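The structure appears below as structure tokens.
The values are calculated or read from the model by the stated rules, or taken from the named source; none is laboratory data. Not measured: the values here are computed from a predicted model. Note: ideal-geometry Cβ built from the backbone for every residue, glycine included; neighbour counts use all protein chains shown.
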Amino acid sequence: MHDDLATLLRRRKECIANHDFRDRDPAAHLDALKSVSLEISAWHQAQRGSLPPRLEHFLTNCSFDKALQFLESEGTWTGH
């Protein structure tokens, strides 16, 4: 569906889960998380108006795990 967004959302999830990186260099870890979050935000802004309503809702509310689940389910997951 939106492979580029799914890639960004996975990168964000992996960054959050990388506790070794966080513990080793908290500032760089935070910078990496901010960077991918900004990329997600930029992608969202560029695609506004053309997204399925549920995906729009998840992205607007920063429900990034739900957005990824929605994409991985090819739009069938509703977030309940």
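Overview of results
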item	result
Matching residues, the stretch 42-63, being of a type outside the set (A, V, I, L, M, F, W, C) and under 16 Å from residue 10 (Cβ atoms)	44, 63
The listed residue being at pLDDT below 95, in a helix (DSSP H, G or I) and surrounded by 11 or more Cβ atoms within 10 Å (Cβ to Cβ), out of 54, 11	54
